[in-house]
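*Asks:* Take this structure, written in structure tokens, and hold onto it; I'll ask about it next.
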Amino acid sequence: MVRGTISFIGRNPVLALTVAALFFALPSLLAGLVTFAYRERAAYLAGGGKVEPFSVAVHVGFSLLAGLLGALPGFLGHGVLSGAMLGDINGRHPSLARCVATALHRSVPVLGIGFTIYLTWFLAKQAMVGAELLFPLFGGGVAFALLVVPCIIWVLCNLAAVPVAMREGLGALASMARSRALTAGYRWPIIGLSLVVLVLALALRAALFLAFSLAVPLIAPASIAIVGATASAGVTAIIWTVASIAATATYIDLRRAKEGGGVDELVDVFS
């Protein structure tokens, strides 16, 4: 899986960088700037300067919308990279325009998968925050164990949903069900792969935090938000790119392991 991910990026660096910039970095940057510029002010105005239930709802609503602004284009980019990798393993050099066109053609199930996964994850996180506020001593831990951990496992079970939608032409819910069927019996290796991506994400974000902390005195106050959002968007793009390609490599491996399909049988997306 890891080797396949690195090999694909090495063979298609321009495509990978272009998708990372357009579908991952740019939406993440916009989401970060929108959140910074409007969320706190809107919540403050809605609550009349106080922490009111309506202001909390506005704060959460802005967080949800900003998250979707970054996540949904990300899932579409995931579809582009999935289509590209499925074509690449058949020995064909993937065309960016054709990969984007194929992803747009299947955008309804791909975006449906993205919306379902993101909304479930968002609600689990908000429930944990609420539990921490209501029960400071134990609420966060209980909510993490009962809601967040099962949500993480469920997300990993749906790891192959976007490649399924791209390759097999299924709808959103059917693709997610198919992904859960494919990952059954192989979830420990998938958890291991996810841990590799998680370690990469944590290392990149730690490096970003350190670099940003050192650079703050050198940055004009008016530019701090832009610089921080841009750096964060770059890290997000790297993580999305690696995760998208790794998920497609996982799908290919699972199909071969469970169904014995050869490369020619697996890949006819562009035929």
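*Asks:* Residue under question is residue 198, and the condition is that it be under 20 Å from the mean Cα position of the chain (by Cα) and either closer than 23 Å to residue 68 by Cβ or of a type in the set (Ser, Thr, Tyr) (or both); does it hold?
*Replies:* Answer is yes for this residue.
*Asks:* Picking from 129, 155, which residue would you name as being over 19 Å from residue 245 (Cβ atoms) and either within 15 Å of the chain's Cα centre (by Cα) or free of Cβ contacts under 8 Å to residues at least 24 places away in the same chain (or both)?
*Replies:* Unique residue meeting the criteria: 129.
*Asks:* So, one more: Among the residues of the stretch 90-125, how many are assigned to a helix (DSSP H, G or I) and either hydroxyl-bearing (Ser, Thr, Tyr) or in contact with an Asp or Glu (Cβ under 7 Å, 6 or more places away or on another chain) (or both)?
*Replies:* 5
*Asks:* Where in the stretch 126-181 are there helices (runs of 4 or more DSSP H), lying fully within it, with 3 or more residues that are surrounded by fewer than 17 Cβ atoms within 10 Å (Cβ to Cβ)?
*Replies:* The helices (runs of 4 or more DSSP H) meeting that bar are 149-157.
*Asks:* Among the residues of the stretch 55-85, write down those that are β-branched (Val, Ile, Thr) and within 21 Å of residue 5 (Cβ to Cβ).
*Replies:* Residue satisfying the conditions is 80 alone.
*Asks:* Look at the stretch 176-200 and say how many of its residues are in contact (Cβ under 8 Å) with a residue 40 or more places away in the chain and hydrophobic (A, V, I, L, M, F, W, C).
*Replies:* 7
*Asks:* Restricting attention to the stretch 182-192, which residues are of a type in the set (A, V, I, L, M, F, W, C), over 18 Å from the mean Cα position of the chain (by Cα), part of a helix (DSSP H, G or I) and farther than 14 Å from residue 163 by Cβ?
*Replies:* Within the stretch 182-192, 188 is the sole residue that qualifies.
*Asks:* Return only the number of the condition from (1) modelled with pLDDT of 85 or more; (2) within 25 Å of residue 102 (Cα to Cα) that residue 185 does not satisfy.
*Replies:* (2)
The values are calculated or read from the model by the stated rules, or taken from the named source; none is laboratory data. Quick caveat: nothing in here was measured; it's all calculated off a predicted structure. Reconstructed Cβ throughout: ideal geometry from the backbone, glycine too, with neighbour counts over all protein chains shown.
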